[in-house]
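Everything on this sheet refers to the single structure shown next.
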Amino acid sequence: MIKSFRIYLIYTDFYGRGVSSIDSSEGMLRGRPFGGVAILWKTSIGKQCTIDLHDDTRLISLDITIDDKKLSLLNVYLPYDNGSNADEYILYLNKITSFLDSNPCSCVCGDFNADTLHKSKYGEKLHAWIQREGLTLTSDAYLQSDDFTYLSDAHGTTHRIDHFISNHSF
């Protein structure tokens, strides 16, 4: 079940929208549920913005149209590598490809769960997909070699799993 929600902020100069996969009707939540993305934008450009929930708890996009020019931003939360969901990961890369093909000036950002700092199976899949699609991994282009986006306190390790990816029109 996809639940859409508006994000109400202390700061009145922002709008927010999100989706969640959490089903709170089943009582107390345990563990760390997956799914859910949100996006914020300035109220000053609110009339130029439209949101698309993609009927998916892992994707949300914001289109900004100014003077007949459209900029599309897709926020993602992709599956992590649990050893048996590589097909699902590829499915989401294909969904992103479809989004990019439909939106010539676009950027995709969020948690790709693909470590590009250290060798990882999903990191390799992400790099191969970026090369095949002719995209730019903007996050790696501008980060230092030891910068990271996730710190595991339990294991004392760092990872780069959150990324910005753009097509060349962006």
Is one or more of the residues making up the stretch 71-86 closer than 22 Å to HIS54 by Cα and open to solvent by 70 Å² or more (accessible area, probe 1.4 Å)? yes
Could you list, in sequence order, the residues of the stretch 53-70 that are closer than 19 Å to SER102 by Cβ and open to solvent by less than 70 Å² (accessible area, probe 1.4 Å)? LEU53, HIS54, ASP56, ARG58, LEU59, ILE60, SER61, LEU62, ASP63, ILE64, THR65
Tell me which strands (runs of 3 or more DSSP E) are completely within the stretch 68-170 and hold 2 or more residues being within 21 Å of GLY36 (Cα to Cα) and modelled with pLDDT of 90 or more, or say none if there are none. 69-77, 106-111, 162-166
Open to solvent by less than 70 Å² (accessible area, probe 1.4 Å) and at pLDDT 90 or above, is that true of ILE22? no
Read through the list (1) assigned to a strand (DSSP E or B); (2) at pLDDT below 90; (3) open to solvent by 60 Å² or more (accessible area, probe 1.4 Å), then give the number of the only condition that THR50 fails. (2)
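The values are calculated or read from the model by the stated rules, or taken from the named source; none is laboratory data. What you see is a predicted model; the values in this text were computed from it and never measured. Reconstructed Cβ throughout: ideal geometry from the backbone, glycine too, with neighbour counts over all protein chains shown. These area figures cover heavy atoms from the full protein model, side chains too; ligands, DNA and RNA do not enter into them. Shrake-Rupley method; radii C 1.70, N 1.55, O 1.52, S 1.80 Å.
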